[in-house]
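Asks: Pasting a structure here, questions to come.
None of the figures in this text is laboratory data; all of them are computed from the coordinates on show. Since we're looking at a predicted model, the values are computed, not measured. Don't worry about glycine lacking a Cβ; one is built from the backbone with ideal geometry, like all the others, and counts go over all protein chains shown.
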Amino acid sequence: MRINSLTLKNFRNIENINLSPNKEMNVIFGENAQGKTNLIEGMWLLTGAKSFRGAREDELKKFGCDRALIFAEFESEQIEKSIKIEINDKRRVFLNKKSLKTASKLAGHLNAIVFCPDDLKILSDGPSIRRKFLDTAICQLYPAYIEILKAYNRAVIQRNKVIKEARIYPEIEDMLEVFEKEIAEKGEKIIKYRERYIEILKEISPNIYKGISEGTENLEIEYVKSFKDGSLKENLKLARRADMFSAKTSVGPHRDDLKFKINGCDAKNFGSQGQKRSVALTLKLSEAEIIKKNTGESPICLLDDIMSELDPKRQNYILNHIKGMQTFLSCCDPQNVKNLKEGTKIKIEKGEIVECTSI
C-alpha cells in the first residue's frame, strides 16, 4: 500500500502542497511550527480516523478560509484508488469519486499507523490512552467495530445522565434497564474484539520487544476488565447504587485497561523510561505487523517527530523494521536519520515545500 500523490489545500497552515512521495522513505524536516505535523495529520485523516491531535473540524482549516481539501491517489491490492476529503463545518469524504456517508466509512481502505511523542506515554499516562491505542487499531481491521463503539458510548452517556437525575427523581430509575441492556450488548462485543486483538498482539509483540532489548527482556501483555465475575449486565445492576453517588458508569469496556509486564514486573510502576518507550515502540510496530498479517499489505507508516525522543539504539531499530513500508518521518534535524541510504528529503517552511531532494 502506498500513496502516489498527495494534495493539501488550506489545511492548518498549509495553503497548497502537491507531493509525489517516495514509495519508501520520506523525511519531512524543518523548524518547529512550519507544518511538518500538519502534513502527517492530513495523511492520517485519509484512514477515516479522527485527528490524532484531538482537533475539532474548524481547527483543521487554514485561518480565514471556508474550506480545506485533502486529496490522495494511492495504490492498494495493486489497484489505483483515490480519496478526497473536504472540510468546512464537517467532513465530506469521497472514495474513488463516490461520496460516503461518514468519514469512518473510509476505514480499511487506506491503512496506516501513526506514532507521535504522546504515544511514548502509553504506559506512563492513564488507561484512556491505552484504550485509544487498542480501539484505533481494531477500527482499521474491523470497520464494523466503529459503529459498535459509537453505540456503546452513546448508551453510557445516557445512563450517566439518568443515574445523575435519578438522585432527584427516583421514579426514572426504571429507565436504566434500557440503557444497561444496550451497554451490556455492545460492551460484550467490544470486549470480544479487544480480547481477539490482544491474542494476536501477544503472538507478535514479544519477539519485537526482545529485538529492541537485544534478547535480555521478556514482555507480557494482559487485557484487564473492570469486573471479574458474572456478566456485564449483572455488574451494571450491582454497581447502580455506587454509580448514582459518583454519577458515572463504573464498569464496562470504557473502564478496562492493558497491563504490561517486563520479566514478570509491572512495567507501568516499575519499568524504566527506556523500557516504557520500548513497549510503546513495540506496540506500534506490532500494529503494523498485524495489519500486514490480516490484509496482506504493509500499512503506511507515519512517524511524527519521535526520533529525537529515542536513543540511537531504538532509532536504528525502528528504521530497520519499517523497511518495506512507505514511511513519512518528520523531524527538525535530518541528522536524526543520517544513516538512511535512500529516500526523499522534504523541507517545509511556513506550510510550503521549499526543497525536495533524493537521499
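Asks: Given H placed 1.01 Å from N in the peptide plane, which residues other than close sequence neighbours of residue 111 have an amide H under 5 Å from its amide H?
Replies: HN-HN under 5 Å from residue 111: 300.
Asks: Show me 333-344, 107-118, 38-49 ranked by packing, highest mean number of other Cβ atoms within 10 Å first.
Replies: 38-49, 107-118, 333-344
Asks: While we're here: Pull up the cross-link candidates among the aspartates and glutamates for residue 189, meaning alpha carbon to alpha carbon under 20 Å and not fewer than 8 places away within one chain.
Replies: Within reach: 135, 147, 177, 180, 199, 222, 229, 234, 256, 257.
Asks: Sticking with this structure for a sec: Starting from the Cα of residue 265, step 7 Å along the direction of its Cβ; do the same at residue 238; then give the gap between the two resulting points in nm.
Replies: In this crude label model, residue 265 to residue 238 measures out at 3.4 nm.
Asks: Scan (1) 1.06; (2) 1.14; (3) 1.01 for the value of Cα Rg over 2.2 N^0.38 Å calculated from this model and give just the label.
Replies: Structure-derived value, by its label: (1).
Asks: Mind giving me the nanometre distance, one decimal, between the label points for residue 340 and residue 50, set 7 Å out from Cα along Cα→Cβ?
Replies: Computed distance between label sites residue 340 and residue 50 equals 3.1 nm.
Asks: Please go through the residue pairs 50/248; 81/101; 186/225; 50/97; 23/338 and name each one whose alpha carbons sit more than 23 Å apart in this structure.
Replies: Checking Cα-Cα distances, 50/248 exceed 23 Å.
Asks: If I stretch the segment between residue 154 and residue 100 completely, what's the gain in nm (0.36 nm per residue apart, minus their alpha carbon distance), one decimal?
Replies: 17.2 nm
Asks: Right, here's the next one. Using the Karplus equation 6.51 cos²θ - 1.76 cosθ + 1.60 (θ = phi - 60°), what ³J(HN,Hα) coupling, rounded to whole Hz, does each residue of the range 32-45 give in order, writing x for Gly and Pro?
Replies: 5, 6, 9, x, 4, 5, 4, 5, 4, 4, x, 5, 4, 4
Asks: Nearest 5 is fine: what % of DSSP beta bridges in the chain come out antiparallel, could you say?
Replies: Taking every DSSP beta bridge within the chain, about 70 percent pair in antiparallel fashion.
Asks: Follow-up. Where the only charges are on Cβ atoms (+1 Lys, Arg; -1 Asp, Glu), what is the dipole of the chain about its Cα centre, to the nearest 20 debye?
Replies: Taking the Cα centre of the chain as origin, the dipole is about 460 debye.
Asks: Something else about it: If packing is taken as the mean number of other Cβ atoms within 10 Å per residue, what is the order of 2-10, 211-219, 182-190, highest first?
Replies: Order by mean packing, descending: 182-190, 2-10, 211-219.
Asks: Here's something else I'd like to know. Quick check on packing: order 70-82, 231-243, 132-144 by the mean number of other C-beta atoms within 10 Å, highest mean leading.
Replies: 132-144, 231-243, 70-82
Asks: So what's the gap between the Cα centers of the range 4-40 and the range 102-168, to the nearest angstrom?
Replies: Distance between centres, Cα-based: 27 Å.
Asks: Okay, moving on. Determine the shape class of the range 1-44: with a ≥ b ≥ c the square roots of the Cα gyration tensor eigenvalues, call it rounded for a/c under 1.5, and otherwise prolate if a/b is greater than b/c, oblate otherwise.
Replies: Oblate, since a/c reaches 1.5 and b/c is not below a/b.
Asks: Once the other residues with Cβ under 13 Å from the Cβ of residue 209 are scored (Lys, Arg +1; Asp, Glu -1), what is the net sum?
Replies: Net charge around residue 209: +2.
Asks: What FRET efficiency, computed as 1/(1 + (r/R0)^6) with R0 = 22 Å and r the Cβ-Cβ distance, is obtained for residue 196 and residue 77, rounded to the nearest 0.05?
Replies: After rounding to 0.05, the efficiency reads 0.40.
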